[in-house]
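**Student:** Supplied in structure tokens, the structure appears directly below.
The values are calculated or read from the model by the stated rules, or taken from the named source; none is laboratory data. Bear in mind the structure is a predicted one, so any value in this text is a computation, not a measurement. Note: ideal-geometry Cβ built from the backbone for every residue, glycine included; neighbour counts use all protein chains shown.
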Amino acid sequence: MFTRCPKLSSVAAVIVFCLMSNARAAPAKETGRYEWVTLGTAGGPVAQPGRNEPANLVVRGGEAHLVDAGDGAMTAVVEAGTDYRALRSVWISHIHFDHLGGLYAVLGLRLQTRAVGPLSIYGPPGMREIVNGLLAAMRPSARSGFGVPGEVAIDPAAGITVVELKDGDIIERDGLKVTIAANSHYSFAEGSAEEKYFRSYSFRFDLADRSIVYTGDTGPSDKVINLARGADLLVTEMVDLDGIKATMTRYAKHMSAKEIDVATQHLTSHHLTTADISAMAARAGVKAVVVTHIAGGNSKDAYASDRYAAEIGKTFRGPVHIAKDLERF
Ligand SMILES: [Zn+2]
Ligand SMILES: [Zn+2]
């Protein structure tokens, strides 16, 4: 397991000690049960009080895997009681900013604490360009370091591997078997360059004792239903269309008619309503549903959780839970 850095008076001594302790931080072989932790249950892009943007953790002991990395993800990892140095991999479902905003903080924390162990970043096409851009943006800070004479600079790219996923890929590592399915979060014109390149993915995590399917952002999709077939837990996105329409009306003076039209089209065909979730969960035969990425609800804790759960329960008969941040499943 990891060694905590003691409180030393000199920054240089801390750096040296952390460097030594991180050098010893080879992960122990983990055999415990993986838990799913919701780190951020808001649907972006607008920040919400009390909910971080989309992020989740698959964690057991000294191994952690981040699933989407919205703003606030790294703070939530610590709030969840997980040592940030336990992070082994990051899985980005798609490249909308609300699912990515916390990635710079993940990379920056590694650099600033010199905890540059192996970290794999999995994501759709475009992921390599994004990570390279973030690493380039870190280089001035990497060169300045703590400003201690003689300090050895760290390469921000040290330990980082980027894997761009394809539809149907299966990745096995650390006791996880992850199956990737392209979903219907985008609907670019058929045959266009954008349609060929951009992907939004759903992930199925087959663990030793159960299976968890994470929809990411998607519209209704037979491929996601097939991916989720018989899963123990379906972690799904959700939009409250009425709530979002009310918000858009409130802010209409800041949006053109064209912008409202694009937003409405996106919401109705690229996301899941409670009725969509109900049908999907029933058809896939999942055992339980956890709702995250809640977009359009009221601020603070006044989400219509009971109504959402009742609507999802119309067709799907299993347990439904409307998640908050930092819940464990
Ligand atoms: Zn989203
Ligand atoms: Zn999205």
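**Student:** Considering only the range 247-261, I want to know if a residue exists there that is within 24 Å of the chain's Cα centre (by Cα), in a helix (DSSP H, G or I) and surrounded by fewer than 16 Cβ atoms within 10 Å (Cβ to Cβ).
**Tutor:** Scanning the range 247-261 turns up no residue that is within 24 Å of the chain's Cα centre (by Cα), in a helix (DSSP H, G or I) and surrounded by fewer than 16 Cβ atoms within 10 Å (Cβ to Cβ).
Here is a yes/no grid of residues against (1) among the small types (Gly, Ala, Ser); (2) in contact with a helix residue (DSSP H, G or I) (Cβ under 6 Å, 6 or more places away or on another chain); (3) under 20 Å from Asp98 (Cβ atoms):
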site	(1), (2), (3)
Asp167	no, no, no
Arg173	no, no, no
Gly191	yes, no, no
Tyr201	no, no, yes
Asp209	no, no, no
Lys223	no, no, no
Asn226	no, no, no
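**Student:** Taking into account only those residues within the range 262-294 that are part of a helix (DSSP H, G or I) and hydroxyl-bearing (Ser, Thr, Tyr), which is nearest to Thr218 (Cα to Cα)? Spell out the reasoning first.
**Tutor:** We begin by selecting, within the range 262-294, every residue part of a helix (DSSP H, G or I); these are 262-270, 274-284.
Next, only the ones that are hydroxyl-bearing (Ser, Thr, Tyr) stay: 264, 268-269, 274, 278.
Working: Thr264: 15, Thr268: 11, Ser269: 8, Thr274: 13, Ser278: 14 Å.
Among those that are part of a helix (DSSP H, G or I) and hydroxyl-bearing (Ser, Thr, Tyr), it is Ser269.
**Student:** Could I ask something else about it? For residues that are touching a residue at least 40 places away in the same chain (Cβ under 8 Å) and part of a loop (DSSP other than H, G, I, E, B), scanning just the range 62-81, find the one that is farthest from ligand 2 (Cβ to nearest atom).
**Tutor:** Across the range 62-81, the extreme among qualifying residues is Gly62.
**Student:** Taking Leu272 as meeting all but one of (1) surrounded by 21 or more Cβ atoms within 10 Å (Cβ to Cβ); (2) within 14 Å of ligand 2 (Cβ to nearest atom); (3) at pLDDT below 95, write down the number of the exception.
**Tutor:** Result: Leu272 fails condition (3) only.
**Student:** Residues in the range 265-289 that are within 16 Å of ligand 1 (Cβ to nearest atom) and of a type outside the set (A, V, I, L, M): how many?
**Tutor:** Going residue by residue through the range 265-289, those that are within 16 Å of ligand 1 (Cβ to nearest atom) are 265-273, 276-277.
Pick out the ones that are also of a type outside the set (A, V, I, L, M) and you get 265-266, 268-271, 273, 276.
So the count comes out to 8.
**Student:** Go through the range 41-58 and give me each residue that's buried (at least 24 other Cβ atoms within 10 Å of the Cβ), over 18 Å from Ala105 (Cα atoms) and hydrophobic (A, V, I, L, M, F, W, C).
**Tutor:** Hits for the range 41-58 are Ala42, Val58.
**Student:** Report whether or not Asp155 is without any contact (Cβ under 8 Å) to a residue 40 or more places away in the chain, under 22 Å from Glu237 (Cβ atoms) and not aliphatic (A, V, I, L, M).
**Tutor:** Numbers: without any contact (Cβ under 8 Å) to a residue 40 or more places away in the chain: yes; under 22 Å from Glu237 (Cβ atoms): no; not aliphatic (A, V, I, L, M): yes.
Considered against the rule, which asks whether it is without any contact (Cβ under 8 Å) to a residue 40 or more places away in the chain, under 22 Å from Glu237 (Cβ atoms) and not aliphatic (A, V, I, L, M), Asp155 comes out as no.
**Student:** So, one more: Please determine whether any residue of the range 60-72 is β-branched (Val, Ile, Thr), outside the structural domain of Thr236 (by TED's automatic domain parsing) and surrounded by fewer than 24 Cβ atoms within 10 Å (Cβ to Cβ). Show your work before the answer.
**Tutor:** Step one: of the range 60-72, the residues β-branched (Val, Ile, Thr) are 67.
Pick out the ones that are also outside the structural domain of Thr236 (by TED's automatic domain parsing) and you get 67.
From what's left, surrounded by fewer than 24 Cβ atoms within 10 Å (Cβ to Cβ): none.
No, that holds for no residue.
**Student:** Oh, and also: Could you list all residues from the range 84-130 that are more than 24 Å from Thr41 (Cα to Cα), part of a helix (DSSP H, G or I) and either in contact with a Ser or Thr (Cβ under 9 Å, 6 or more places away or on another chain) or not basic (Lys, Arg) (or both)?
**Tutor:** Leu111, Gln112, Thr113, Glu129
**Student:** Would you mind stating whether Ala115 is aliphatic (A, V, I, L, M), more than 16 Å from ligand 1 (Cβ to nearest atom) and surrounded by fewer than 19 Cβ atoms within 10 Å (Cβ to Cβ)?
**Tutor:** Numbers: aliphatic (A, V, I, L, M): yes; more than 16 Å from ligand 1 (Cβ to nearest atom): yes; surrounded by fewer than 19 Cβ atoms within 10 Å (Cβ to Cβ): no.
Criteria not met by Ala115.
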